[in-house]
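S.K.: Got a structure for you, questions after.
The values are calculated or read from the model by the stated rules, or taken from the named source; none is laboratory data. In this text the structure is predicted, and so the values were computed from the model without any measurement. Here the Cβ positions follow ideal geometry from the backbone for every residue, glycine too, while neighbour counts run over all protein chains shown. Note: accessible area is taken over every heavy atom of the protein model, side chains too, but ligands, DNA and RNA are not part of it. Shrake-Rupley method; radii C 1.70, N 1.55, O 1.52, S 1.80 Å.
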Amino acid sequence: MSQSLANPSQDHLKKAMYIMCYLVATQDYHVVYDGRLNEGLIAHTDSDWASDPIKGQSTTGFFTSLASSIVCWQSHLQKTVVLSSTEAKYMAMSDTCQQIVWIQSLFQKLGYNLAPTPICGNNQGLIFIRSNLVQEQQTKHIGICYHYIHKCIEDGKVSVYFIPGNENLADMFTKNLGVIDFLHFRKHLSIKFLDDKSSA
């Protein structure tokens with residue numbers, strides 16, 4: 001919506017009203033953290049490919065969770081145009097990695113040293129590029145900053161894992177989901193409805 005502020009249309013107004021209705025309907029939902037589950041920091045990352053019909057840019061989406069619930073998230077257009085979905089997902093993973101390193105630095109200042117943070121992505125090509133540096137010559141146009149993830153892996157800050165696309169919770173940050181998928185992902189992000197009695 002913010003990308004259309006300069007020249008909004010009637011369709012944008014309808015979408016804004018839809019968003020307002022959603023916010024009103026979900027104002028009693030809360031993010032619930034459960035330290036008893038002993039779940040540490042974990043990240044999910046995803047991207048679409050060239051979803052912007054004007055500039056051809058892809059959308060990055062990622063989030064990190066702690067104590068079984070979400071703590072930070074982002075969804076934004078990537079700065080450069082890429083030539084494949086694998087490259088788009090690689091850029092998204094690098095953005096995710098930078099966020100994780102910042103969180104780890106914060107915990108370190110608080111006196112906690114975290115184990116390597118798992119990053120989950122749903123592209124086998126992404127894992128291949130990450131583990132085979134010889135392939136970098138084919139992806140130099142992504143930019144040096146997006147190879148930052150190699151350094152983080154070598155330093156033991158993050159580790160990368162493949163998960164099936166239908167299990168990648170970051171999918172909801174790159175596209176509109178159907179009701180069934182949305183409710184499924186919301187459940188795993190520990191976003192729950194609490195009535196007045198249980199909230200008290």
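S.K.: Looking only at segment 61-76, count every residue that is within 14 Å of the chain's Cα centre (by Cα) and in contact (Cβ under 8 Å) with a residue 60 or more places away in the chain and tell me the total.
M.R.: The total comes to 9.
S.K.: Right, another one. Within segment 74-93, work out how many residues are touching a strand residue (DSSP E or B) at 6+ places or on another chain (Cβ under 7 Å) and more than 9 Å from Trp49 (Cα to Cα).
M.R.: From segment 74-93, those touching a strand residue (DSSP E or B) at 6+ places or on another chain (Cβ under 7 Å) are 74-78, 88-89, 91-93; that's our starting set.
Imposing the further condition that a residue be more than 9 Å from Trp49 (Cα to Cα) reduces the set to 74-78, 91-93.
Going through segment 74-93 one residue at a time, the tally reaches 8.
S.K.: Answer yes or no: is there a residue in segment 48-60 that is of a type in the set (A, V, I, L, M, F, W, C) and within 11 Å of the chain's Cα centre (by Cα).
M.R.: Let us first name the residues in segment 48-60 that are of a type in the set (A, V, I, L, M, F, W, C), namely 49-50, 54.
In the following step, the residues that additionally are within 11 Å of the chain's Cα centre (by Cα) were identified as none.
Within segment 48-60, none of the residues are of a type in the set (A, V, I, L, M, F, W, C) and within 11 Å of the chain's Cα centre (by Cα).
S.K.: Take the conditions open to solvent by less than 50 Å² (accessible area, probe 1.4 Å) and not polar (S, T, N, Q) and apply them to Val82. Does it pass? Even if it seems obvious, please write down each step before you answer.
M.R.: Working: open to solvent by less than 50 Å² (accessible area, probe 1.4 Å): yes; not polar (S, T, N, Q): yes.
In short, yes.
S.K.: Right, here's the next one. Just to be sure I understand the filter: pairs with C-beta atoms under 8 Å, separated by 6 or more residues or on different chains, first member in segment 91-103 and without any contact (Cβ under 8 Å) to a residue 60 or more places away in the chain and closer than 15 Å to Ile153 by Cβ, second member β-branched (Val, Ile, Thr) and in a helix (DSSP H, G or I). Which pairs pass?
M.R.: The qualifying pairs are Ser94/Ile149.
S.K.: Does segment 1-31 hold any residues that are of a type in the set (S, T, N, Q) and either assigned to a helix (DSSP H, G or I) or open to solvent by 90 Å² or more (accessible area, probe 1.4 Å) (or both), and which are they? Working first, answer last.
M.R.: Within segment 1-31, the first condition is being of a type in the set (S, T, N, Q), and the residues that meet it are 2-4, 7, 9-10, 26-27.
Those that are of a type in the set (S, T, N, Q) and either assigned to a helix (DSSP H, G or I) or open to solvent by 90 Å² or more (accessible area, probe 1.4 Å) (or both): Ser2, Gln3, Ser4, Asn7, Gln10, Gln27.
S.K.: Right, something else. Quick one: which residue in Asp34, Asp46 is under 21 Å from Leu169 (Cβ atoms), among the acidic types (Asp, Glu) and surrounded by 20 or more Cβ atoms within 10 Å (Cβ to Cβ)? Give the derivation first.
M.R.: Values: Asp34 fails: surrounded by 20 or more Cβ atoms within 10 Å (Cβ to Cβ).
The match here is Asp46.
This table checks each residue for (1) open to solvent by 80 Å² or more (accessible area, probe 1.4 Å); (2) outside any loop (DSSP other than H, G, I, E, B); (3) not charged (D, E, K, R).
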site	(1), (2), (3)
Pro53	yes, no, yes
Gln57	no, no, yes
Phe62	no, yes, yes
Ile70	no, yes, yes
Thr86	no, yes, yes
Asp95	no, yes, no
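S.K.: I'm trying to understand the selection: among the residues of segment 32-51, which are touching a helix residue (DSSP H, G or I) at 6+ places or on another chain (Cβ under 8 Å), assigned to a strand (DSSP E or B) and under 14 Å from Cys72 (Cα atoms)? Break it down stepwise before answering.
M.R.: Step one: list which residues in segment 32-51 are touching a helix residue (DSSP H, G or I) at 6+ places or on another chain (Cβ under 8 Å), which gives 41, 43-50.
When the remaining residues are screened for being assigned to a strand (DSSP E or B), the result is 43-47.
Ala43, His44, Thr45 - these are the residues of segment 32-51 that are touching a helix residue (DSSP H, G or I) at 6+ places or on another chain (Cβ under 8 Å), assigned to a strand (DSSP E or B) and under 14 Å from Cys72 (Cα atoms).
S.K.: Quick one: how many residues across segment 97-150 are modelled with pLDDT under 70, aliphatic (A, V, I, L, M) and open to solvent by 50 Å² or more (accessible area, probe 1.4 Å)?
M.R.: Final tally of qualifying residues: 3.
S.K.: Among the numbered criteria (1) of a type outside the set (D, E, K, R); (2) out of contact with any helix residue (DSSP H, G or I) (no Cβ under 8 Å at 6 or more places or on another chain); (3) open to solvent by 30 Å² or more (accessible area, probe 1.4 Å); (4) modelled with pLDDT of 80 or more, which single criterion is violated by Asn168?
M.R.: (3)
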